[in-house]
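The values are calculated or read from the model by the stated rules, or taken from the named source; none is laboratory data. On a predicted model such as this, the values are computed, not experimentally measured, just so you know. Here Cβ is always computed from backbone atoms with ideal geometry, including for glycine, and neighbour counts include all displayed protein chains.
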Amino acid sequence: MSPRHNLALRMASADQLRELIARAADGDEVALAELYDGTSSLVHGLVLRILGEPEAAEEVTADVYLQVWRQAERYDPARGAALGWLLTIARSRAIDRLRNQTIRRERHEPEGAMRRAATLAVASGLEEAVRATERRHAVQRALMHLSPDERGTIELAYYQGLSHSEIAAKLGAPLGTVKTRIRLGMTRLRQELGDRARELL
């Protein structure tokens, strides 16, 4: 699957995500696969941020979609967005895994209790990570309206945190060209986002 096609999948609307969850609740395995394709990068990113271990994050991400398959009928659109529901499950599974890991570690390390308290304090603040992911989703939709050059350049800066000179080196483009693409792209992003631009950018 091409990166562009995968990005398009991640752009699924709230209505599409609700429909996929409803179909999964009816036992539609194809719907679950489409839901995974469209959201797994966001779920995995949140889980990895909590756990900090790629292998554990992969396992928990798989557990999240298994739970979605088993509990899809419990999703109530009136109580929140589909993406928020999914990321809440992801956060809960990741924190459960984190607790279990730290409890096991405490049995062997004298300072384990102190580390567990500190780790869980960090995890408790990850509600903002869910909201940040939803904000990023809005920015990604707006990015689809930019030219490929502008979008690619901004994604390197926005998602990978590269400097202008690093982007220029990566793309093999003049530094001035990179700066122009970012400036024009950000202007268009603000136009696409309208009133939400100040909050999201």
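For the stretch 40-87, residues that are closer than 16 Å to Leu20 by Cα and outside any helix (DSSP H, G or I) total 4. Being surrounded by 14 or more Cβ atoms within 10 Å (Cβ to Cβ) and at pLDDT 65 or above, is that true of even one residue in the stretch 101-114? The answer is yes; a qualifying residue exists.
Considering the stretch 142-198, the qualifying helices (runs of 4 or more DSSP H), each wholly inside and each with 3 or more residues that are polar (S, T, N, Q), run over 175-193. Please work out which residue is nearest to Tyr159 (Cα to Cα), limiting yourself to the stretch 29-84 and to residues that are surrounded by 20 or more Cβ atoms within 10 Å (Cβ to Cβ) and touching a residue at least 60 places away in the same chain (Cβ under 8 Å). Ranking the candidates gives Leu42 first. Selection within the stretch 35-93: residues that are basic (Lys, Arg) and at pLDDT 90 or above. The member of this set that is farthest from Ala138 (Cα to Cα) is Arg70.
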